[in-house]
Each structure stands twice: as structure tokens, then as C-alpha cells.
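Everything on this sheet refers to the single structure shown next.
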Protein chains: 2
Amino acid sequence: MSKDFTQGTCREFVAALASSAPAPGGGGAAALAGALGTALGNMVGSLTVGKKRYADVEAEIIALKAKCDALQTALLDMVAEDARCFEPLAGAYGIPVDDPNRASIMEDALKTACTSPMRIMELCCEAIEAIAVFAEKGSRIAVSDAGCGAALCRAALQSASLNVFINTKAMADREAAEALNCKAIGMLDKYVPMADRIFENVRQGLH
Amino acid sequence: MSKDFTQGTCREFVAALASSAPAPGGGGAAALAGALGTALGNMVGSLTVGKKRYADVEAEIIALKAKCDALQTALLDMVAEDARCFEPLAGAYGIPVDDPNRASIMEDALKTACTSPMRIMELCCEAIEAIAVFAEKGSRIAVSDAGCGAALCRAALQSASLNVFINTKAMADREAAEALNCKAIGMLDKYVPMADRIFENVRQGLH
């Protein structure tokens, strides 16, 4: 029988998400979902390497697997980083509203809270590009996993974007806020349709 | 500093997904992503209960939180169950092609391999219905988490569906295969748009 991976930190993380604790929240869940999606792309690569039928793409797949190993680790690391980046904001909400420094502390905290979801978005975009190649060139027996990976990274990208938008909405520096929004929307506009194309191609192939 | 939940089984699960091992795969990743999404809806509930402003929906939110607690546990349990349901199929692929019993063993194994992704789909549909209520009636400060929850459960639902379709495609009993496909497509047709509406409402509210 397979190991039950959902004992331990997996189950603890889900329970912590469901609680009223300020972190982990949507950003951390997005990072883990992105890591799961990236790993499913990577799995297609693992089932491709060493197979005679796919010898002509082997070098490309091996390089892409190394990239996904790094992306997976970076996304997993972002789970804790997202909680750290949210800490100053959780603290800022506790500052009395008549404190003259509250506004500037809050502004800095909002900018800090945007850094991790922006980074999670960038990592998910790279993962979706990798999954597109696995879906196109990787082993046919694992094609459904590439489709799942695309769906999960799409959701992670979108979830991270909400955690950018909720913070930019509250920022007083509208120029900085609009620059962040613009960058986030640019990623959504390019990579959500790319993930949808991967998923639909896989789904059509299964009917 | 917050606990790093991604040490331990979380990181081990991601590494196992990325490997060439037959399980865990897309079904198990879908189950975990569904649990993450359900927990984010549940978190909105946790931040709603006990707040004077939401006193009129408190009883409904408490009941919905209890339902999400059960859904989270059921989805986490499906991670291991999905690996178990895939075992007979992994074994069937190893049977020599000239074995007269191969076809019937394969057919049974394909049906068994469909049971867990179908169950994951049903659980994700229930989670999306719950998240719709949290998004509508729950605390405004956590509205982005409801949007993330909807996106993650949508991806989990879609990922599980691919694991139904890849197995029904190979089934000889076309009547049973079409009945499963029909049920899966019915869930996708109803709940993907519902999750999209939740996400878009949240996103529009953040601009």
C-alpha cells in the first residue's frame, strides 16, 4: 500500500488554513497548489525520460525537469515566505487609528504583502510554460497529469492575483498600486488562456 | 514566525508526485487541492463567527463550517484512497497481453480507478456550493480567500474529471463508460461556471 502523505504537515496545513489565524491564507494555499501542479508536469517528464519512443526529446525534457525541480522548491518555500510577508500587515491593523505613523507603516506593510503573491504568480507562469512543453512532447500515457498540472497552476496563479489585488486596493500610493495591478493582469491575460488551451487539448484527446 | 508547514509530508508528497511512481498522480493532487480550497472557504467562516456584524448569519455559517470540516477530511482521505484505487490498474498493465483473463481484469481495474476521481468530483461540487455561501454572506475582510477557494476547487474538480475520462476511454463496457462520462460532464457543466462566478464577483470587488 502507498504511503498516506496526508498525515503530518499536509493535514496540519489544511487545518491551519481553515482556522481564523491571519496566516496561512490564500497566498500560501496558492503556493502549495502551484507546487502540486508543477510536480504533475514534472511527473510527465519522469515518465518520458529513458523511453526509446521519446529519445529525440530526451535532452529537452531532462532540462525542463531540472527547471521544474527548482520551481517546485521555490513554490514550496513561498508557503512560509507568504506568511512572513503578511506579518507586518497583520501587525499594522493593530496600530491605533490615531497613531500618526499608522498610515506610513500600513503603506509599507501593504507593499510587503504584495511581494510574495507577485512572486508566486511569476513562478506559476514559468510552470505553465513548462507544462505546455510536457503536454506537447511528453509521454502520452501521462497526458492527463499534464492537464491536471495546467488546471492547478492556473488556479494558483489566479489565487495569488487576488492576494495582490486585495492589497493594492488599500494602498495610498496609486502609482505603485497601478504598476503592480498592471503586471499582475498582464500575467493573468497571457497565462490563464495558455493553461486553458493545455487543459482543453488534453480533455479533447480523452474523448 | 509561522510554522513552515511545507516540511514533512507536504514536501514529500510534491516530490512523490514529480517522480515516475504510478501513484500519487493527478487524482491525489486533485484531492489535496480540493481540501485546500475547502479550507479557504472554511477560513472565511472562521473569521465570520462571533462577529456582531454577521450575527444574523451566524447559525448558517456555523452549520456550513461543520460541513466543510467533514469535506476537508473526506478530501484528504481521498489522497490515499486514490492511490489504492489505482493499484489494480497498475497491476493489470503488467499482465501479459496473451493472458486470457487480462481483458476482464483490466476492465474491473478501470472501473475501480474511476471510483475515486468520481468521489473527489462530488466532494468538490459540495465544497463549491459551500464557498458560494461563504463568499456571499461571510466576512468581507476574508473575501479574497473565498475567491481562492473557488479557483482551487474548480481546478480540483477539473483535474479529477481527467482521471475519470482517461479510464472510461479505455473501458470495453461502453454503456458503463458513457454513464460515468455523463455524470462527470454534468458536474463540470454546473460547477465550473459556479466557481467562475464566485471568483469573478470577488475579483470585481477588488478593483
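Karplus-derived 3J(HN,Hα) values for the range A:10-15, using 6.51 cos²θ - 1.76 cosθ + 1.60 with θ = phi - 60°, are 4, 5, 5, 5, 4, 5 Hz; glycine and proline are entered as x.
Distance from the alpha carbon centroid of the range B:42-71 to that of the range B:115-175 works out to 21 angstrom.
Using only the Cα atoms of the range A:55-148, build the gyration tensor, take square roots of its eigenvalues as a ≥ b ≥ c, and label the shape rounded, prolate or oblate: rounded if a/c is under 1.5, else prolate if a/b is larger than b/c, else oblate.
Because a/c hits 1.5 or more and a/b exceeds b/c, the range A:55-148 counts as prolate.
Residue-wise HN-Hα couplings along the range A:161-172, as the Karplus relation 6.51 cos²θ - 1.76 cosθ + 1.60 with θ = phi - 60° gives them from phi, are 4, 4, 6, 6, 4, 5, 8, 5, 4, 8, 6, 7 Hz; Gly and Pro carry x.
Dividing the mean sequence gap of close Cα pairs (under 8 Å, 6+ apart) by how many residues chain A holds gives a relative contact order of 28 percent. Taking 0.36 nm per residue of sequence separation and removing the Cα-Cα distance, the B:ASP196/B:ARG174 pair yields an extension gain of 4.7 nm. Based on the convex hull around the alpha carbon atoms, the range B:123-186 presents an average projected area of 4.4 nm². Each 10 Å bin from zero up to the one holding the largest Cα-Cα distance in the range A:149-207 carries the following percent of pairs: 22, 40, 23, 11, 4, 0.
Taking the axis that rotates chain A onto chain B, the chain A residue nearest to it by Cβ, with the distance rounded to whole Å, is A:ALA155, 2. Provide, for q = 0.15 Å⁻¹, the log10 of I(q)/I(0) from a solvent-free Debye sum over equal Cα point scatterers in the range A:23-71. Those come out to -0.46, one per q.
For chain A, modelled as a GNM whose springs connect Cα atoms under 10 angstrom apart, the maximal fluctuation among A:SER144, A:SER161, A:SER104 occurs at A:SER104. Between A:ALA59 and A:GLN7, the distance separating the two model label sites (each 7 Å from Cα on the Cα→Cβ line) works out to 4.6 nm.
If only the Cβ of Lys and Arg carry +1 and only the Cβ of Asp and Glu carry -1, the dipole of the range B:1-145 around its Cα centre is close to 680 debye. The alpha-carbon of B:LYS65 sits under 14 angstrom from the alpha-carbons of these aspartates and glutamates, leaving out residues fewer than 8 places away in its chain: B:GLU126, B:GLU129. Eigenvalues of the alpha-carbon gyration tensor of chain A, scaled by 5 and square-rooted, set the equivalent ellipsoid semi-axes at 36, 19, 13 angstrom, largest first.
Sorted shortest first, the distances from the B:HIS207 label point to those of the same residue in the other copies are 3.0 nm; each point sits 7 Å from Cα along Cα-to-Cβ. Highest GNM mean-square fluctuation, chain A, Cα pairs closer than 10 Å: which of A:GLY186, A:GLY28, A:GLY138? Comparing A:GLY186, A:GLY28, A:GLY138 in the GNM, the peak value goes to A:GLY186.
What is the range B:42-117's relative contact order, in percent, from Cα pairs under 8 angstrom and six or more apart in sequence?
That works out to 27 percent.
Computed with a 1.4 Å probe over protein heavy atoms only, the accessible surface of the protein assembly as shown comes to 39 Å² per residue. Size estimate for the protein assembly as shown follows the Kirkwood approach: the inverse of mean 1/r over distinct Cα pairs works out to 21.3 Å.
The values are calculated or read from the model by the stated rules, or taken from the named source; none is laboratory data. Owing to the predicted nature of the structure, the values given are computational and were not obtained by experimental measurement. So basically every Cβ, Gly included, is an ideal-geometry build from the backbone, and we count neighbours across all protein chains shown. Side chains are part of the model used for accessible areas, which takes the heavy atoms of the whole protein and leaves out ligands, DNA and RNA. Shrake-Rupley method; radii C 1.70, N 1.55, O 1.52, S 1.80 Å.
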